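**Q** Structure below; questions to follow.
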Amino acid sequence: MRFITVLVLALLLCGCANMNRSEQRMVSGAAIGGVVAGPIGAGVGAGIGYIVERSEDGY
């Protein structure tokens, strides 16, 4: 079980290597929202990640 967990985490980290900061924030928000509130929370979390990134960039 531990091997599978480590493998999944490694694949997730490698998959984010070519993302820009906005995309990383959206994925992080979606992951946190998905864990907390399921599919609807994932959508809301992705939106919040996008809004936070844009507000920090000054758009």
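Bear in mind that the values in this text are calculations on the coordinates, not laboratory data. This one's a predicted model, so the numbers in the text were calculated from it and none came from an experiment. Don't worry about glycine lacking a Cβ; one is built from the backbone with ideal geometry, like all the others, and counts go over all protein chains shown.
**Q** Write down the Å³ per residue value for the convex hull defined by the alpha carbon atoms of segment 19-59. Spell out each step's value before the answer.
**A** Values: hull volume 1.9 nm³, N = 41.
That works out to 47 Å³ per residue.
**Q** Shifting gears a bit: Order of Arg54, Arg2 from fewest to most other C-beta atoms within 10 Å?
**A** Values: Arg54 12, Arg2 6.
Ranked by crowding around the Cβ, least crowded first: Arg2, Arg54.
**Q** Can you give me the distance in nm between label points at Arg21 and Glu56, each placed 7 Å from the Cα along the Cα-to-Cβ direction?
**A** Simple spin-label model gives 0.6 nm for this pair.
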